[in-house]
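Peer 1: Before I ask anything, here is the structure I am working with.
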């Protein structure tokens, strides 16, 4: 009698036809990222529904490969080898986005950005600068906290409230300007406004004199948002009415382009 069946081995096929152990390993990595990058085995078991022996075996493999590391307190954290993969993927995503950002610049006249939610931080992965002599500039690769940015609000608007509060608890809410939102309740109110309006605003909250408008990219393979930023004197309320529909249309087109790349 065989000692194991195809349905119980690590090489078993999943319902989607893939390798079940690979699907489970990537699911655990994503759950770790959602939890802030560090978790215990019992937390992973509770959130994934997998038995502890299975999780322990998968984590041991990920540790051996360098994608996860075990802390002195026996908890597990995302490992350094993921950084190279993430940076390469971010650069590629930025490359795909640049033609769409260039269109945003042409139609709005302001600097266009693309940003991702990476753990608890916002990372800018692409930018096309405005042609104005006075323009905003954010280095690709720059990391900021989400509570003071338009892209941060756009990316967190549909995240459950308890997860947003947990993120803010980990990062704190330092004031970049006197307009920065510095309380969790205030930020959650701002997120409700993003959901109501369909776009996010950074009104002098990250940098004095700068106004930013942002929308999330629907159905992106990783949480992404695009934005335009410019001097508050140009990105006015009346300009907002003109710019937001362009942002939303470009975000929808970028979503379709990313879906096509994902299927290629």
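Peer 1: Being within 20 Å of the chain's Cα centre (by Cα), in the same structural domain as residue 139 (by TED's automatic domain parsing), surrounded by 14 or more Cβ atoms within 10 Å (Cβ to Cβ) and modelled with pLDDT under 95 is true for just one of 220, 227. Which residue is that?
Peer 2: Every option except 220 fails the conditions.
Peer 1: Go through region 100-124 residue by residue and tally those that are under 18 Å from residue 253 (Cα atoms) and either within 18 Å of the chain's Cα centre (by Cα) or modelled with pLDDT under 90 (or both).
Peer 2: Qualifying residue count for the region: 6.
Peer 1: Right, something else. Cβ-Cβ under 7 Å, sequence separation 6+ or interchain: first residue in region 43-72 and touching a residue at least 24 places away in the same chain (Cβ under 8 Å), partner in a loop (DSSP other than H, G, I, E, B). Which pairs?
Peer 2: What qualifies is 67/79; 68/79.
Peer 1: In addition: So which residues in region 151-176 are under 13 Å from residue 217 (Cα atoms), buried (at least 19 other Cβ atoms within 10 Å of the Cβ) and out of contact with any helix residue (DSSP H, G or I) (no Cβ under 6 Å at 6 or more places or on another chain), if there are any at all?
Peer 2: 151, 154, 155 - these are the residues of region 151-176 that are under 13 Å from residue 217 (Cα atoms), buried (at least 19 other Cβ atoms within 10 Å of the Cβ) and out of contact with any helix residue (DSSP H, G or I) (no Cβ under 6 Å at 6 or more places or on another chain).
Peer 1: Evaluate the following for residue 182: is it more than 16 Å from residue 36 (Cβ to Cβ) and in the same structural domain as residue 216 (by TED's automatic domain parsing)?
Peer 2: On the way: more than 16 Å from residue 36 (Cβ to Cβ): yes; in the same structural domain as residue 216 (by TED's automatic domain parsing): yes.
When the stated conditions are applied, residue 182 passes them.
Peer 1: Moving to a separate point now. Which of (1) surrounded by fewer than 13 Cβ atoms within 10 Å (Cβ to Cβ); (2) at pLDDT 85 or above does residue 47 not meet, given it meets every other one?
Peer 2: Only one criterion in (1) surrounded by fewer than 13 Cβ atoms within 10 Å (Cβ to Cβ); (2) at pLDDT 85 or above is unmet by residue 47, namely (1).
Peer 1: State whether the residues of region 186-195 include one that is surrounded by 15 or more Cβ atoms within 10 Å (Cβ to Cβ) and farther than 26 Å from residue 47 by Cβ.
Peer 2: Taking every residue of region 186-195 in turn, at least one turns out to be surrounded by 15 or more Cβ atoms within 10 Å (Cβ to Cβ) and farther than 26 Å from residue 47 by Cβ.
The values are calculated or read from the model by the stated rules, or taken from the named source; none is laboratory data. None of these values were measured; they are calculated from a predicted model. When we count neighbours, we look across all protein chains shown, and the Cβ atoms used for this are built from the backbone with ideal geometry, even at glycine.
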